[in-house]
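**Student:** Dumping the structure here so I can ask a few things about it.
The values are calculated or read from the model by the stated rules, or taken from the named source; none is laboratory data. Keep in mind it's a predicted model, so treat the numbers as computed, not measured. Positions of Cβ are generated from backbone atoms using ideal geometry, with glycine treated the same way; all protein chains shown enter the neighbour counts.
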Amino acid sequence: HVAQSHQAEVEQHALTAFDKVQTAQLDPQQPDLQPDPQQGLESTDVSSWIPDTSHLSEEQLTQGPGRVLLYYCYCDVSDPHVVCAWQKALCQKLHLTGKVRVASEGINGTVGGTFAATELYIQTMCFSPVFRMHQDDFKTSAGGAECFTELKVGVYREIVPMGVDPQVVSYRLAGTHLEPEDFHREVEELLATDQTNRDTIILDCRNFYESKIGQFNQCLAPNIRKFSYFPDYVEQNLEVFREKRVLMYCTGGIRCERASAYLKSKEVCKEVLQLRGGIHRYLEQFPQGHYRGKLFVFDERYAISSNDDVISDCRYCGSPWDQYELCSSASCRQLVLSCPSCRREGQTACCLTCQSKDPSPHQHREECECTMGRSRIPLEL
Ligand SMILES: [Zn+2]
Ligand SMILES: [Zn+2]
Ligand SMILES: [Zn+2]
């Protein structure tokens, strides 16, 4: 009967977590899966996956230097809601902040905390019977819990929102992985080849504001605002990719897994390759390599750097500048590149509309004058 009552507790936990996720509406475009409290719970004791922290002081879990972990794992998750409840309890116990997405196709997280807390998190994920991850699957960078305003853990249809059913385009059909050194060599060869004789394209599959401040030399960087526009971008630019070898990359590799699968499914490319571990891993081996500028990250740091190049400009005066800040209009969520001297002159918004007035201070808008003007799916031909 102990197991019975415990099961009810776990079930309640899972449902409460689900309720919170639903009311928070983390991602309105992605319908959450319906919870199925009957499935999987009998055999799953979530509490046994929560590590003991009694050997650590409160201070070790909350104070001092820390880091941010970035990871993903594509695998079959039979009950995402149980995993979600477990992740939530785990992160709370370790005082981690950040974002964790769980789906039937796997898990994707970026979490910040102290060194001891993140270490224990990694160990827990490596021992977990669901994921069986390896230390190498975690990319780390300087930071901590302060890099995120909160902890968000939720169940989604996809672990990264491409907007295509994972049953239709699965990560299992992804392009060939290239290790950073092989990717580097490929880029070297490409750069040494005359533009007109190239059969290879380096494709950045991130959003425009990411590639704007850092990218591989001579890559094709789509001017898209969201990853969910990537499939339409490919669809409408198929001729660009016809008979080409495509070297694809993203931040940590997660988007390429499915973006390359999507591109492959169009059957126009000669070959589709992807950078294993993304820019993150590449920069560890080649900090002064062919990736120039900063690496955009989705937390309060906005960017991490490995070389001093500045490849973007201040939106107002055009001088080199690559440190993003949020638009000063309370209702706007656009990132702005405005240099210190332009800021001092009051240029702190993304556009004139935002600068002059605040039309709807209680509503967060996704689009703004300056982004609505851009074509949703840019044509390269
Ligand atoms: Zn300026
Ligand atoms: Zn704005
Ligand atoms: Zn604007």
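**Student:** Report, by residue number, each residue of the range 335-353 that is of a type in the set (Ser, Thr, Tyr) and within 13 Å of ligand 1 (Cβ to nearest atom). Steps first, please.
**Tutor:** Our first condition is that a residue be of a type in the set (Ser, Thr, Tyr); within the range 335-353, this holds for 338, 341, 348, 353.
Those that are of a type in the set (Ser, Thr, Tyr) and within 13 Å of ligand 1 (Cβ to nearest atom): Ser338, Ser341, Thr348.
**Student:** Is it fair to say Ala103 is within 20 Å of Cys256 (Cβ to Cβ) and buried (at least 23 other Cβ atoms within 10 Å of the Cβ)? Show your work before the answer.
**Tutor:** Working: within 20 Å of Cys256 (Cβ to Cβ): yes; buried (at least 23 other Cβ atoms within 10 Å of the Cβ): yes.
Answer is yes for this residue.
**Student:** In addition: Which of the residues that make up the range 43-72 are under 28 Å from Glu300 (Cα atoms) and not in a loop (DSSP other than H, G, I, E, B)?
**Tutor:** Listed by number, the residues that qualify are Glu58, Glu59, Gln60, Leu61, Thr62, Gly66, Arg67, Val68, Leu69, Leu70, Tyr71, Tyr72.
**Student:** Just to be sure, is Ala103 of a type in the set (Gly, Ala, Ser) and within 30 Å of Gln167 (Cβ to Cβ)? Reasoning before the result, please.
**Tutor:** On the way: of a type in the set (Gly, Ala, Ser): yes; within 30 Å of Gln167 (Cβ to Cβ): yes.
When the stated conditions are applied, Ala103 passes them.
**Student:** Can you pull out the helices (runs of 4 or more DSSP H) entirely within the range 263-381 that have at least 1 residues that are within 16 Å of ligand 2 (Cβ to nearest atom), in contact (Cβ under 8 Å) with a residue 24 or more places away in the chain and not basic (Lys, Arg)? Walk me through it before giving the result.
**Tutor:** Numbers: elements: 278-285, 340-344, 352-356, 369-372.
Correct list: 340-344, 352-356, 369-372.
**Student:** Turning to a different aspect of this structure: Take the conditions away from ligand 3 (no atom under 16 Å from the Cβ), charged (D, E, K, R) and within 19 Å of the chain's Cα centre (by Cα) and apply them to Arg333. Does it pass? Before the answer, list the steps.
**Tutor:** Working: away from ligand 3 (no atom under 16 Å from the Cβ): no; charged (D, E, K, R): yes; within 19 Å of the chain's Cα centre (by Cα): yes.
No: the conditions fail for Arg333.
**Student:** Among helices (runs of 4 or more DSSP H) lying entirely in the range 102-213, which contain 3 or more residues that are more than 30 Å from Ser57 (Cβ to Cβ)? Spell out the reasoning first.
**Tutor:** Numbers: elements: 115-127, 180-192, 208-211.
In the range 102-213, 180-192, 208-211 are the helices (runs of 4 or more DSSP H) which contain 3 or more residues that are more than 30 Å from Ser57 (Cβ to Cβ).
**Student:** Being within 16 Å of ligand 3 (Cβ to nearest atom) and surrounded by 17 or more Cβ atoms within 10 Å (Cβ to Cβ) narrows it down to one residue among Cys339, Cys351; which is it?
**Tutor:** One residue alone meets the criteria, Cys351.
**Student:** Does Cys147 satisfy the condition of being hydrophobic (A, V, I, L, M, F, W, C), touching a residue at least 12 places away in the same chain (Cβ under 8 Å) and not assigned by TED's automatic domain parsing to the domain that holds Asn207? Give the derivation first.
**Tutor:** Numbers: hydrophobic (A, V, I, L, M, F, W, C): yes; touching a residue at least 12 places away in the same chain (Cβ under 8 Å): yes; not assigned by TED's automatic domain parsing to the domain that holds Asn207: yes.
Yes.
**Student:** May I pose another question? Output the number of residues of the range 289-334 satisfying the condition of being among the small types (Gly, Ala, Ser), away from ligand 1 (no atom under 12 Å from the Cβ) and out of contact with any Cys (no Cβ under 9 Å at 6 or more places or on another chain). Let's see the steps before the verdict.
**Tutor:** Let us first name the residues in the range 289-334 that are among the small types (Gly, Ala, Ser), namely 289, 293, 303, 305-306, 312, 318-319, 328-331.
When the remaining residues are screened for being away from ligand 1 (no atom under 12 Å from the Cβ), the result is 289, 293, 303, 305-306, 328-331.
Now drop any that are not out of contact with any Cys (no Cβ under 9 Å at 6 or more places or on another chain), which leaves 289, 293, 303, 305-306, 330.
Here the count works out to 6.
**Student:** Further, regarding this structure: Could you count how many residues in the range 241-262 are surrounded by fewer than 18 Cβ atoms within 10 Å (Cβ to Cβ) and assigned to a helix (DSSP H, G or I)?
**Tutor:** So the count comes out to 0.
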